[in-house]
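Structure record follows, encoded as structure tokens.
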Amino acid sequence: MKSIIYELDEQGNITEKAIYTVTPKQALINYIMQFKKKNHNFWMYPETLEGIRESKTVKDHWYFDYNNIVIASYPA
């Protein structure tokens, strides 16, 4: 499975940031841990993060608020 990470900034700009070959939830966790928390010990990543949420309307679409941006992960 391939997943794509996007960031939505406070001006409304959407930018593709990364592509992972894992589920969208795991891709979001990986991206947050690697690029926002600067933790590259991937074998120690948690199964979930506080604040991560799945879309209520679309299955397997995940979101996380980080400072003034929203990070999204979708299946490719």
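Nothing in this text is a laboratory measurement; each read-out follows from the coordinates by a stated rule. The shown structure was predicted, so the numbers you read here are calculated from the model rather than taken from an experiment. Neighbour counts run over all protein chains shown; Cβ positions are idealised from the backbone, glycine included.
Before moving on, here are some points about what is shown:
- Residue check, ILE5 under 11 Å from the mean Cα position of the chain (by Cα), buried (at least 17 other Cβ atoms within 10 Å of the Cβ), in a strand (DSSP E or B) and at negative phi: yes
- Residue in region 9-16 that is in a helix (DSSP H, G or I) and hydroxyl-bearing (Ser, Thr, Tyr) present: no
- Considering residues of region 35-62 that are assigned to a strand (DSSP E or B) and touching a residue at least 12 places away in the same chain (Cβ under 8 Å) only, the residue farthest from LYS17 (Cα to Cα): GLU54
- Scan of region 20-51 for residues that are closer than 13 Å to ILE71 by Cα, aliphatic (A, V, I, L, M) and in contact with a Ser or Thr (Cβ under 9 Å, 6 or more places away or on another chain), ordered by number: ALA27, LEU28, ILE29
- Identity of the residue in region 22-62, among the polar types (S, T, N, Q) and over 13 Å from the mean Cα position of the chain (by Cα), that ends up surrounded by the fewest Cβ atoms within 10 Å (Cβ to Cβ): THR57
- Flag for ALA72 being assigned to a strand (DSSP E or B) and touching a residue at least 40 places away in the same chain (Cβ under 8 Å): yes
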